[in-house]
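Reading through the structure tokens given below for one structure.
The values are calculated or read from the model by the stated rules, or taken from the named source; none is laboratory data. On a predicted model such as this, the values are computed, not experimentally measured, just so you know. Quick reminder, even Gly has a Cβ in these numbers, built from the backbone with ideal geometry, and neighbours come from all protein chains shown. Just the protein is used for accessible areas: all its heavy atoms, side chains included, with ligands, DNA and RNA removed. Shrake-Rupley method; radii C 1.70, N 1.55, O 1.52, S 1.80 Å.
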Amino acid sequence: MAIPDQAPADLSLGLADSGYLRERRNPKPGDLFYLHLRDVLDALSAHATEERLKVLDFGSGGSPYRYLFPNAEYLRADLEGEGLDFTINADGQLAGGKAASFDLILSTQVLEHVANPALYFSECRRLLRPGGKLLLTTHGIYEDHLCPNDYFRWTAQGLRLILTNAGFQVRAVQKLTTSGRALCFTLQRHLFLGGASPPASYALFCRVLNRVLRPLMPLLHRLVDWCFRDCRAVSDSESGHPLYVALLVEASH
């Protein structure tokens with residue numbers, strides 16, 4: 001399926017002008033999260049389909065990747081928010097969610113915020129039809145980001161293990177934003193964000209560097225795209241990529 005360069009705005013969510021949605025649906029060189037979000041989008045886009053699936057966005061947030069499944073019956077679940085079809089209970093189960101009722105469960109950058117991943121995967125498996133697919137992304141290395149909590153970082157091997165223990169058949173694991181590309185992204189985030197209370201001299205250094213580099217960010221990102229073009233998405237079986245910002249897993253019921 002061809003993915004449009006500019007995803008349509010989702011007016012039903014009231015987020016048509018949201019930077020959150022734009023940066024995920026159409027990440028551009030110069031965006032602070034570009035190096036990571038471009039790789040996530042490209043990896044997810046490989047699974048885009050026009051099939052009439054029943055999809056659950058499990059931990060949906062703003063559902064930025066909804067447009068990859070244009071003909072799906074697309075249902076959203078989260079702890080709270082606008083336009084949800086289901087609410088996730090305190091015990092991690094889906095209020096009103098019927099067993100074996102979904103063809104695909106989409107979980108993007110959710111698992112690091114889940115207090116009980118084994119329970120989350122058990123619920124995913126309960127909700128999927130036999131042969132249904134779980135498509136999941138989560139972080140390998142990343143700064144703390146409370147939403148409202150931030151519990152875990154994952155290795156490819158660890159994610160395979162917990163999914164297998166939950167009864168899933170893991171079809172593929174990809175490392176996203178790896179090696180030198182991961183280092184560039186992490187360094188950029190550190191320089192532009194800084195610490196909570198950095199030394200005055202370092203804070204001044206970061207401000208000066210930010211002012212100098214920020215106008216050059218689109219060019220620098222294109223340079224990283226070229227230098228580390230083989231570090232966007234790689235199979236976990238490929239050697240030489242021990243450092244990665246995120247993971248994408250495809251698993252089946």
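Scan the stretch 52-96 for residues that are in a strand (DSSP E or B), touching an Asp or Glu at 6+ places or on another chain (Cβ under 8 Å) and aliphatic (A, V, I, L, M) and the total you get is 5. Do we find that LYS175 is basic (Lys, Arg) and part of a loop (DSSP other than H, G, I, E, B) in this structure? No: the conditions fail for LYS175. Tally up the residues in the stretch 51-86 that are more than 16 Å from PRO148 (Cα to Cα), out of contact with any helix residue (DSSP H, G or I) (no Cβ under 8 Å at 6 or more places or on another chain) and open to solvent by 30 Å² or more (accessible area, probe 1.4 Å), please. Here the count works out to 11. Listed by first and then second residue, the pairs linking a residue in the stretch 99-110 that is under 7 Å from ARG129 (Cα atoms) to a residue that is of a type in the set (S, T, N, Q) and assigned to a strand (DSSP E or B), with Cβ atoms under 8 Å apart and 6 or more places separating them unless they lie on different chains, form an empty list.
Checking ALA196, ALA203 one by one, the residue that is open to solvent by 60 Å² or more (accessible area, probe 1.4 Å), at pLDDT below 75 and either over 21 Å from ASP39 (Cα atoms) or out of contact with any helix residue (DSSP H, G or I) (no Cβ under 9 Å at 6 or more places or on another chain) (or both) is ALA196 and no other. Screening PRO242 on (1) buried (at least 17 other Cβ atoms within 10 Å of the Cβ); (2) out of contact with any strand residue (DSSP E or B) (no Cβ under 8 Å at 6 or more places or on another chain); (3) within 30 Å of PRO117 (Cα to Cα) shows it passes everything except condition (1). Of the set (1) open to solvent by less than 40 Å² (accessible area, probe 1.4 Å); (2) free of Cβ contacts under 8 Å to residues at least 40 places away in the same chain, all apply to ALA156 but (2). Here the stretch 143-169 is the region considered, the condition is being within 18 Å of the chain's Cα centre (by Cα) and either of a type in the set (Ser, Thr, Tyr) or assigned to a strand (DSSP E or B) (or both), and the residue that is farthest from LEU119 (Cα to Cα) is THR155.
Restricting ALA9, ALA48, ALA43, ALA99 to residues that are of a type outside the set (Phe, Trp, Tyr), assigned to a loop (DSSP other than H, G, I, E, B) and modelled with pLDDT of 95 or more narrows the list to ALA48.
On inspection, SER101 does not qualify as of a type in the set (Gly, Ala, Ser), under 18 Å from ARG66 (Cα atoms) and touching a helix residue (DSSP H, G or I) at 6+ places or on another chain (Cβ under 8 Å).
A quick yes/no check of all residues on (1) touching a Leu at 6+ places or on another chain (Cβ under 6 Å); (2) in contact (Cβ under 8 Å) with a residue 24 or more places away in the chain; (3) polar (S, T, N, Q); (4) assigned to a strand (DSSP E or B):
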position	(1), (2), (3), (4)
CYS206	yes, no, no, no
ARG214	no, no, no, no
ARG222	no, yes, no, no
TRP226	no, no, no, no
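Residues that are open to solvent by 20 Å² or more (accessible area, probe 1.4 Å) and either modelled with pLDDT under 95 or within 24 Å of TRP154 (Cα to Cα) (or both) within the stretch 111-130 comprise HIS113, VAL114, ALA115, ASN116, ALA118, LEU119, SER122, ARG125, ARG126, listed in sequence order. Please go through the stretch 122-156 and give me each residue that is under 20 Å from GLN93 (Cα atoms), small (Gly, Ala, Ser) and out of contact with any His (no Cβ under 7 Å at 6 or more places or on another chain), ordered by number. Matches in the stretch 122-156: SER122 only. Kindly evaluate ALA182 against the criterion of being open to solvent by less than 80 Å² (accessible area, probe 1.4 Å), modelled with pLDDT of 95 or more and not in a helix (DSSP H, G or I). Spelling it out, it is not the case that ALA182 is open to solvent by less than 80 Å² (accessible area, probe 1.4 Å), modelled with pLDDT of 95 or more and not in a helix (DSSP H, G or I).
Residues considered: ILE141, ILE105. Of these, the only one that is within 22 Å of ASP42 (Cβ to Cβ), open to solvent by 50 Å² or more (accessible area, probe 1.4 Å) and among the hydrophobic types (A, V, I, L, M, F, W, C) is ILE141.
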